[in-house]
Amino acid sequence: MKQKVLIVGAGIGGLATALRLAKAGYEVEIVEKNGQAGGRLNQIKKNGFTFDTGPSFFSMSYEFAEFVHDCGIDMPFEFVELDPLYSVNFSDNPQKNYHLYKDIDRLAEQFKDLEPEFKAKMEKYLDKSGQIFNDTVDIVIKNNFDSIFDYMSSLMQVNPVHLPVLTRNFWNQVSRNFSSKEVREILSLVAFFLGRTPFDTMAIYTLLSYTEFKHDGYYNVKGGMYQIVVGLVRELEKAGVKITYNTEIVDYETKNNDKEISHLIDSTNHVWRADTYVINADAAVWRHRIFKRKAFSTARMNRMQWTMGYLTFYIGIKGKLPHVNHHNYYLGSNYKEYANKVLSEPGTLEKPYYYVNVVSKHNPDCAPEGCESLFFVCPVPNLLHKTDWSDKDDVVNSIIDNFSQRIGQDIRPDIVSRTVYTPEDWQQQFGLYKGSGLGLAHTMMQIGAFRPKNHDERYKNVFYVGASTIPGAGLPMAIISSKLVTERVLKQLAKP
Ligand SMILES: Cc1cc2nc3c(=O)[nH]c(=O)nc-3n(C[C@H](O)[C@H](O)[C@H](O)COP(=O)(O)OP(=O)(O)OC[C@H]3O[C@@H](n4cnc5c(N)ncnc54)[C@H](O)[C@@H]3O)c2cc1C
């Protein structure tokens, strides 16, 4: 009889692992708390509009290519490279938009009056970022570690020339290369994609500048990001994987002298049995809430470094926004002060920085004819730092007012659909600790062998995949995570 694997959670990490294991010949079943698959990579359909809920583009497309190759399928969705990657607008010069092209000459043209010798400086900066990327990605990111010793031995293989970078933060590394405020701020924005700020993100993550500008760029998915999920679910159906929705696992029982899980129990007391369990719920939250581990007690969870929360809102408007690009960042004039407060001070949301994605720009099916669907993301403190969200509509209204002023078009009378998610909603819907958008932060003591492991400490038939285990947050990382956990599961199942 086939060995059975039960996967808890239909986020991208869970879906990708399910397909890998089904293709490897195992019987796979998924249980998901929500009514549809995707986790944070989700979709809202409302008033004739379609919105992606979380991710709006992805990098490292070759990880998806490797995944479909491993599974022996064709790419189940279509993706398109972004050019420009995104646009940036500053409040002290709102008429001007900087367009971030991968083409270095076009990029240099944008900054010729601001940053002398931009091209040479950018080439030098990207060379270094590229070296960091190439010297770490296979050793540190795409590896299972069996122990801290094993991890440390791998780190020793990293070229020592990068050691000084370990002593700097992202902002310092960018500032060593560029002098203008605008260039420094624009190039360090990518640190926010890791859920922290450039001032508390390690400089080794400047490797992300290489991935965005030089290596592989960013990609959109035709029809919206949710088509990734639609495509994966279709492949899972073909592979005979069953997904049961609206099923939240709340408890478990053990066997073999407490060495293995015998079954999981959902909130209606239904029992779910398998030989092996892969948890796609947040790896730290699961150990805290379900296994009630000491190392993940409330006090310890609160002491861990969590990523920021996100206030996201999904706006449908009558009319088009011809002058607004697909991906846009709207920054204020107090970057450092803002960044230093945004993670922890609840009263900082008067003039927030925000991102706007005009989803319908290249995906006309996402809005009724003559309309536009907009997705706003504003970095905010998570629920450890701001517990009261009764002011959410004030914050949203202030952003919509600011956006209208900056684009020179008042969208307020044209709004026909409005949905707001605060960190409370992100917590409640997807089980994110304190509404922390990307899970555990990527600090030195929370990456590699120090991140919650992808195999359980006590139960030998329990494994983990997703953002809070290795290697970390983001869609390509979830795909890598699915590969790493599959290796672990297969190794375990091959044991006599
Ligand atoms: C606002 C926002 C914007 C983002 N933008 C980008 C971007 O542009 N590009 C990018 O690459 N990444 C982006 N990310 C990050 C990306 O969304 C995540 O890293 C990725 O989707 C995480 O996938 P996952 O499989 O780890 O977990 P999740 O998507 O969180 O999936 C876990 C699943 O487990 C389910 N679950 C939890 N507990 C239980 C339980 N007890 N029982 C049953 N089911 C359970 C949840 O409901 C969920 O469906 C963004 C994230 C956010 C929040």
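The values are calculated or read from the model by the stated rules, or taken from the named source; none is laboratory data. Please read these numbers as outputs of a predicted model, since none were measured by experiment. Here the Cβ is made from the backbone with ideal geometry for all residues, glycine too, and neighbour counts use every protein chain on show. Each accessible area value is taken on the protein alone, full model and side chains, heavy atoms only, with ligands, DNA and RNA left out. Shrake-Rupley method; radii C 1.70, N 1.55, O 1.52, S 1.80 Å.
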Open item on the list: Every residue in the range 387-420 that is touching a helix residue (DSSP H, G or I) at 6+ places or on another chain (Cβ under 8 Å) and of a type in the set (Phe, Trp, Tyr), please.
Closed with: Trp389
Task: Subset tally (residues that are open to solvent by 20 Å² or more (accessible area, probe 1.4 Å), farther than 15 Å from Ile148 by Cα and more than 11 Å from the ligand (Cβ to nearest atom)) for the range 446-490 - done: 6
Open item on the list: Being within 22 Å of the chain's Cα centre (by Cα) and either more than 16 Å from Met308 (Cβ to Cβ) or open to solvent by less than 10 Å² (accessible area, probe 1.4 Å) (or both) is the filter here; which residues of the range 339-352 pass it?
Closed with: Ala339, Val342
Open item on the list: Checking Ser179 against (1) in contact with a Lys or Arg (Cβ under 6 Å, 6 or more places away or on another chain); (2) not in a helix (DSSP H, G or I): exactly one of these is not met. Which one?
Closed with: (1)
Open item on the list: Return the residues of the range 26-42 that are within 7 Å of the ligand (Cβ to nearest atom), surrounded by 22 or more Cβ atoms within 10 Å (Cβ to Cβ) and closer than 17 Å to Asp266 by Cα; say none if nothing qualifies.
Closed with: Val31, Glu32
Open item on the list: Suppose we filter the range 194-229 for residues that are among the aliphatic types (A, V, I, L, M) and assigned to a strand (DSSP E or B); how many remain?
Closed with: 2
Task: Matching residues, the range 46-88, being among the aliphatic types (A, V, I, L, M) and open to solvent by less than 40 Å² (accessible area, probe 1.4 Å) - done: Met60, Val68, Ile73, Leu82, Leu85, Val88
- [ ] Identify the residue in the range 43-85 that is in contact with a Leu (Cβ under 7 Å, 6 or more places away or on another chain) and either more than 16 Å from the ligand (Cβ to nearest atom) or in a loop (DSSP other than H, G, I, E, B) (or both) and, among all such residues, is nearest to Ala478 (Cα to Cα).
- [x] Pro55
- [ ] Tell me which residues, restricted to the range 431-445, are within 11 Å of the ligand (Cβ to nearest atom) and surrounded by fewer than 22 Cβ atoms within 10 Å (Cβ to Cβ).
- [x] Gly431
- [ ] Considering only the range 8-25, state which residues are hydrophobic (A, V, I, L, M, F, W, C) and near the ligand (Cβ under 10 Å from one of its atoms).
- [x] Val8, Ala10, Ile12, Leu15, Ala16
Task: Hits in the range 420-430 - residues which are open to solvent by 20 Å² or more (accessible area, probe 1.4 Å), more than 7 Å from the ligand (Cβ to nearest atom) and over 14 Å from Ala284 (Cα atoms) - done: Val420, Tyr421, Glu424, Asp425, Gln428
Open item on the list: Here is a list: Ile315, Ile243. Which entry is over 26 Å from Ile479 (Cβ atoms) and hydrophobic (A, V, I, L, M, F, W, C)?
Closed with: Ile315
TODO: Six or more apart or on different chains, Cβ under 6 Å: which pairs go from a residue in the range 166-190 that's of a type in the set (Val, Ile, Thr) to one that's open to solvent by less than 30 Å² (accessible area, probe 1.4 Å)? Could you list them?
DONE: Val174/Leu187; Val174/Ser188; Val183/Phe111; Val183/Glu115; Ile186/Val88
Open item on the list: Quick check on this structure: which one of Ala295, Ala281, Ala299 is open to solvent by 10 Å² or more (accessible area, probe 1.4 Å), assigned to a helix (DSSP H, G or I) and touching a helix residue (DSSP H, G or I) at 6+ places or on another chain (Cβ under 9 Å)?
Closed with: Ala295
Open item on the list: Taking the criterion of being over 16 Å from the mean Cα position of the chain (by Cα) and open to solvent by 20 Å² or more (accessible area, probe 1.4 Å), would at least one residue in the range 5-17 satisfy it?
Closed with: no
Open item on the list: Any residue in the range 386-407 that is under 28 Å from Gly319 (Cα atoms) sitting within a Cβ distance under 6 Å of a residue that is aliphatic (A, V, I, L, M)? List the pairs, counting only those 6 or more apart or interchain.
Closed with: Lys392/Val420; Val395/Leu349; Val396/Val420; Ser404/Ile411; Ile407/Val324
Task: Test for Val88: is it of a type in the set (Val, Ile, Thr) and in a strand (DSSP E or B) - done: yes
- [ ] Restricting attention to the range 253-288, report how many residues are more than 18 Å from Gly13 (Cβ to Cβ) and within 8 Å of the ligand (Cβ to nearest atom).
- [x] 1
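Table: residues versus (1) farther than 24 Å from Phe64 by Cβ; (2) in contact with a helix residue (DSSP H, G or I) (Cβ under 8 Å, 6 or more places away or on another chain); (3) open to solvent by less than 50 Å² (accessible area, probe 1.4 Å).
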| residue | (1), (2), (3) |
| --- | --- |
| Tyr101 | no, yes, yes |
| Leu107 | yes, yes, yes |
| Asp113 | yes, no, no |
| Glu117 | yes, no, no |
| Lys121 | yes, yes, no |
| Tyr125 | yes, yes, yes |
| Ser129 | no, yes, yes |
| Asp138 | no, no, no |
| Asp146 | yes, no, no |
- [ ] Could you please tell me which pairs satisfy a Cβ distance under 9 Å, a separation of 6+ or placement on different chains, a first residue in the range 56-74 that is closer than 13 Å to Thr17 by Cα, and a second residue that is part of a loop (DSSP other than H, G, I, E, B) and small (Gly, Ala, Ser)?
- [x] Cys71/Ala239
Open item on the list: With open to solvent by 50 Å² or more (accessible area, probe 1.4 Å), at pLDDT 95 or above and either in contact with a strand residue (DSSP E or B) (Cβ under 7 Å, 6 or more places away or on another chain) or closer than 25 Å to Leu438 by Cα (or both) as the only criterion, which of Leu384, Leu374 stands out?
Closed with: Leu384
